[in-house]
Every structure is written in structure tokens, then in C-alpha cells.
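In what follows, a single structure is set out as C-alpha cells and then discussed.
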Amino acid sequence: MENKYHRNLDLPNYVPNVDFSQWESDGYKWLEFHKTLKLHQLNNQQFVDFLQSLGMTSFWIEVFYTPPGEDGIIHSDNTEWEDWAKIIFQYGAKGSTMRWWDSTNVLNLSTSIEQISEKTVTEISEYKNRKYDRTADHYHGRIFYSHEKDSTLLHEAEIGSASLANVGVLHSSHNPTNEKRFVITVALFDLNGNRILFDDAVQRLSPYIKTSSLI
């Protein structure tokens, strides 16, 4: 049975060329590091043209960092359980994974650290007392969040060089390696500015999907 969470993609000519050393990451946790990019900052016009050829583009490109031996928070990118699709490119930390979850206790939170109650998410308290390296205008709405103790693992996959991911389902990064894990996530939109859902993205990208990622 084909899973509804992830597909490995074969996109060797379309990998963005971004220098991650331009940003400070030493000592930062997943929640403390957040950057946004524009299409031209991916430094790969072939990828931009490739998206256009499939009737797609992106208005929301992010860079995330998961430090060695740590995990990102469990969250969904929206609060409607819409199966938003992203292409994700991973750099470093081979053997790390992305995980998808179900939960018995989902919280509706702001994406702004300053607006999150420390009583609701206790791990936020330490971040508010530290200097973190997030995009200045990092608020972009609300998300679903869950603690791992309340969650059940549904699926786990290595992103590899490039993958298609469903980010409407609760998900998180897992980096058990001793290397830094950077990802560039490209939210997929049609040319009219509508978010592309996972099943639609699977159809559009079907010639580039590796068969080993179907289950």
C-alpha cells in the first residue's frame, strides 16, 4: 500500500546551491534556527524552470537545522489537517530521518516563540532566555504541536538528497548522527498561488519518484 507521507525523488540536477555556513548554527536547537529564502536564492535556475514546467512554483522556502543527536518538534504546518506538499532537500547527517505521527493531545500554537506559553510547552522557556537565530519575520500563522509522549509513530523515512513530504500530518526531524542536518523545504504552489496537496504533487512528480519509497 502506498504511504501518504513521503516519496523519495530523483532530482540530481535540481538541488539548490546554498552556503549554510553564512548562518551561525553552533549551539542552536531546531526551534532556535529558522531562515527563509526566495527562489532566486536557491542558486539553481534549472530547479525553478523544472517547477514551472509542472505548473508549480513556491512562495515559501525555509531552511531548518537539526543538531547532531537531537530531534525537531512534532508539528503540522497548518491547523486544518490539509495535506500540504513540500519538496525537501537534505544536506549532511546521512542516516537521519523524518517522522510522521498521530497524537492524542494536539495543541494549536503560534509559530512565534514569544507568543507560546511556557506552561503549555515547557521546553520553550529555555529558548526565551537565549539568543536564537531565527528569521526576523518568522511568524507565519499557527500550527499543530504535540509532545512525543502523547504521539504514536506512523511512518519514518530518510529524506536523502530530495524528497516529497506531506507536512499537513504531524511530523518531526530525527538526527541520531554526529553531523549537522540542514534541510531546504520548498512549499509547493500552483501558478495561481494555491497550495498543492500531497496527492496532486505525487501525480505531477510521478516520473521522478523512486519506486522504493512507495510503502
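The values are calculated or read from the model by the stated rules, or taken from the named source; none is laboratory data. Just so it is clear, the structure is predicted and the values come from calculations on it, not from any experiment. Neighbour counts are summed over all protein chains in view; Cβ atoms, including those assigned to glycine, are modelled from backbone coordinates with ideal geometry.
Quick check, is residue 185 under 19 Å from residue 29 (Cβ atoms), among the hydroxyl-bearing types (Ser, Thr, Tyr), at pLDDT 95 or above and surrounded by 17 or more Cβ atoms within 10 Å (Cβ to Cβ)? I'd like the intermediate steps shown before the answer.
Working: under 19 Å from residue 29 (Cβ atoms): yes; among the hydroxyl-bearing types (Ser, Thr, Tyr): yes; at pLDDT 95 or above: yes; surrounded by 17 or more Cβ atoms within 10 Å (Cβ to Cβ): yes.
The answer is yes for residue 185.
The combined condition, being in a helix (DSSP H, G or I), farther than 21 Å from residue 186 by Cα, modelled with pLDDT under 95 and not β-branched (Val, Ile, Thr), is fulfilled by residue 125.
Within segment 183-215, work out how many residues are in a loop (DSSP other than H, G, I, E, B), β-branched (Val, Ile, Thr) and either more than 18 Å from residue 168 (Cα to Cα) or in contact with a helix residue (DSSP H, G or I) (Cβ under 7 Å, 6 or more places away or on another chain) (or both). Show your work before the answer.
Pass one, segment 183-215, residues in a loop (DSSP other than H, G, I, E, B): 188, 191-194, 196, 205, 210, 214-215.
From what's left, β-branched (Val, Ile, Thr): 196, 215.
Then drop every residue that is not either more than 18 Å from residue 168 (Cα to Cα) or in contact with a helix residue (DSSP H, G or I) (Cβ under 7 Å, 6 or more places away or on another chain) (or both), which leaves 215.
Qualifying residue count, segment 183-215: 1.
Taking (1) surrounded by 14 or more Cβ atoms within 10 Å (Cβ to Cβ); (2) of a type in the set (Ser, Thr, Tyr); (3) at pLDDT 90 or above in turn, residue 111 satisfies each apart from (3).
So is residue 62 within 22 Å of residue 171 (Cβ to Cβ) and among the charged types (D, E, K, R) or not? Yes; evaluated as a whole, the condition is true for this residue. Pairing residues of segment 155-168 that are touching a residue at least 40 places away in the same chain (Cβ under 8 Å) and assigned to a loop (DSSP other than H, G, I, E, B) with residues that are surrounded by fewer than 17 Cβ atoms within 10 Å (Cβ to Cβ) and basic (Lys, Arg), at Cβ distances under 8 Å and at least 6 apart in sequence or on separate chains, gives 158/94.
Hey, does segment 1-20 have a residue that's in a loop (DSSP other than H, G, I, E, B), touching a helix residue (DSSP H, G or I) at 6+ places or on another chain (Cβ under 7 Å) and aliphatic (A, V, I, L, M)? Yes, there is a match, as at least one residue in segment 1-20 is in a loop (DSSP other than H, G, I, E, B), touching a helix residue (DSSP H, G or I) at 6+ places or on another chain (Cβ under 7 Å) and aliphatic (A, V, I, L, M).
Residues are listed down the side, and each one gets a yes or a no for (1) surrounded by 15 or more Cβ atoms within 10 Å (Cβ to Cβ); (2) modelled with pLDDT under 90; (3) in contact with a strand residue (DSSP E or B) (Cβ under 8 Å, 6 or more places away or on another chain):
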{"position": "129", "(1), (2), (3)": "no, yes, no"}
{"position": "161", "(1), (2), (3)": "yes, no, yes"}
{"position": "180", "(1), (2), (3)": "yes, no, yes"}
{"position": "203", "(1), (2), (3)": "no, no, no"}
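Using the structure shown, decide if residue 83 is under 30 Å from residue 207 (Cβ atoms), among the acidic types (Asp, Glu) and modelled with pLDDT of 95 or more. Yes; evaluated as a whole, the condition is true for this residue.
When segment 61-88 is limited to residues that are β-branched (Val, Ile, Thr) and in a strand (DSSP E or B), the one that is surrounded by the fewest Cβ atoms within 10 Å (Cβ to Cβ) turns out to be 61.
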